[in-house]
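Since the structure comes first, as structure tokens, the remarks are kept for the end.
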Amino acid sequence: MKVPLPVRSKSFKKSRGASCSLPLLLLIGAVQFLVIGKPFPSLLMDSSRRRAFFNLAEEEFIPEPQVSCDFNDTRSDYCEMAGAIRIRGSTSEVFVMTPRRGTTAGDVVGANATWIAANATSWKMQPYTRKGEARIMNGITAVTVRLADADEAPACEVMHDVPAVVYSNGGYCGNYYHDFNDNIIPLFITTRHLGGEVQLLVKQKQAWWFGKYGEIVGGLTRHEALDLDGDARVHCYRRAFVGLRSHKDLSIDPRRAPNNVSMVDFKRFLMWRYALPREHAIRTDDEVVGGRRPRLLIITRRSRRRFMNLEEIVAAAEELGFEVTASDLMSPPKKQGGEAALVDDGGQARMADASATVNAFDVMLAVHGSGLTNLVFLPMNAVVVQVVPLGRMEGLAMDEYGVPPRDMNMRYIQYNITAEESTLSELYPPGHPVFLDPGPIHKQSWSLVKDIYLGKQDVRLDMARFRPVLQKALDLLR
């Protein structure tokens, strides 16, 4: 019976040398000749058949696997494995090949994998970075990692010369903040040290997402991302990662990242991918004299959490010396004549436009929400001003948008509004629990918090109270 040979993937730009060195080849041939009286068959093959033979021999060679997992992190589960790895997307299985039957997790998995029983031969992982949110994780397809010998695993069909990263593109995909927090930054942490020589194997892949963020993905991998759910072939690798590393909200802990990459490195990566010209914000002592005023970008919103007195805010900022622009950054680019340009690129052009727009400013002002995610495109030393709506949102606001600017060498100001500055005062009487004690509402459900404090509230800033905040932002640019 003729054994089908595995296909060497053609999607890669780099190829490896011969699978066996000449001395090893001769040794194998001599041993075979002494044992069975026949020369090593590959010596009699033409070059194309010899390459195919070596590919098969390489695929069949099963080294001792090396597996390291971390299930103790609160944000994501993560495994890194080396050896002979076979991945079948149609059944969501990752086979870690072992040279002998009966190998268990206790034999190969590192000490951090405390959630895996020592006698286990398989375990399930949900490769998404919102591990603690049961409602979201219920919708994430699980991947099964199996320890298997050659008789227990499917045959290799496509061989690859680069590592694989298996993760999910589901969950909050489509929310701008979560696109960066749950996917892009974890991808950067997990793959940046590989220098583009990595392939993404994506569960629940959203094609439009890869169009919108094509510039970013293209900077992390030179190879086409596979839709793991739509590919029935068995792909074979020598190294693979299941899950993504995630450290904290919209940020990186360099002490835990490969090559100690930081958010400053991520910011420079974005500058490279979107060709952003400004690495540093204006220093007012130097440049105002030259005629350029500091620029303030006010992020507007189309629905709730809007600035109800935007004209007053703009006037006060201009009086202090800012050049002010208000934009939601999400509207399609305009054609000549004022009509919206319809560009069927999945949003990639809008990302390029938004990044260039933000990079031109020195200060960003916004009410808490996903629009603040654009702070990643600001130049270093810029100032981020977050207006926090009513409802005991101060801690959440600080975690999501207060810590990241500092990790990117920027400055941050947080302005917590009063009940008088919230339009909730028009919906509820002054002594209502919505104002006096938001705690029970938070304990009852996050959905109720979203409905009241994020879904029904706009802000009308008290300019006597807020003007010093604008002045402080200006002073921080000196």
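The values are calculated or read from the model by the stated rules, or taken from the named source; none is laboratory data. Given the structure is predicted, the values throughout are model-derived calculations rather than measurements. Cβ atoms come from the backbone with ideal geometry, glycine included; neighbour counts cover every protein chain shown. For accessibility, only protein heavy atoms count, side chains too; no ligands or nucleic acids. Shrake-Rupley method; radii C 1.70, N 1.55, O 1.52, S 1.80 Å.
Heavy-atom accessible surface of Trp208, to the nearest 10 Å², is about 100 Å², with a 1.4 Å probe and all protein chains retained.
Computed from phi, the 3J(HN,Hα) profile of region 442-451 under the Karplus parametrisation 6.51, -1.76, 1.60 (θ = phi - 60°) reads 4, 5, 5, 5, 5, 4, 5, 4, 4, 5 Hz, with x in place of Gly and Pro.
Residues whose amide H falls under 5 Å from that of Ile252, counting only those 5 or more places apart or on a different chain, are Met263, with hydrogens built in the peptide plane.
For the residue pairs Lys267/Lys450; Lys124/Lys205; Lys267/Lys456; Lys131/Lys248; Lys212/Lys267, alpha carbon separations beyond 23 Å are given by Lys267/Lys450; Lys267/Lys456.
Quick one: net charge around Asp437, please, counting Lys, Arg +1 and Asp, Glu -1 for every other residue with C-beta under 11 Å from its C-beta. Residues close to Asp437 contribute a combined charge of +2. Residue ranges 122-133, 417-428 sort as 122-133, 417-428 when ordered by packing (mean number of other C-beta atoms within 10 Å per residue, highest first). Stretching Ser90 away from Arg292 to a fully extended chain increases their span by 66.9 nm, per 0.36 nm per residue minus the current alpha-carbon distance.
Placing pseudo-labels 7 Å out from each Cα toward the beta carbon at Arg135 and Asp451 gives an inter-label distance of 1.1 nm. A Förster distance of 25 Å, applied to the separation of the beta-carbon atoms of Leu320 and His280, puts the FRET efficiency at 0.70. Label separation (Asp253 vs Arg233): 3.9 nm, computed from points 7 Å beyond Cα along the C-beta direction. In sequence order, region 406-412 has phi-based couplings of 5, 6, 10, 6, 10, 10, 9 Hz under the Karplus curve 6.51 cos²θ - 1.76 cosθ + 1.60, θ = phi - 60°, and Gly or Pro positions carry x.
For Arg146, the solvent-accessible surface with a 1.4 Å probe is about 80 Å², rounded to the nearest 10. The distance from the alpha carbon centre of region 427-466 to that of region 202-221 is 37 Å, rounded to a whole number. The heavy atoms of Ser251 present about 0 square angstrom of accessible area, all protein chains included, probe 1.4 Å.
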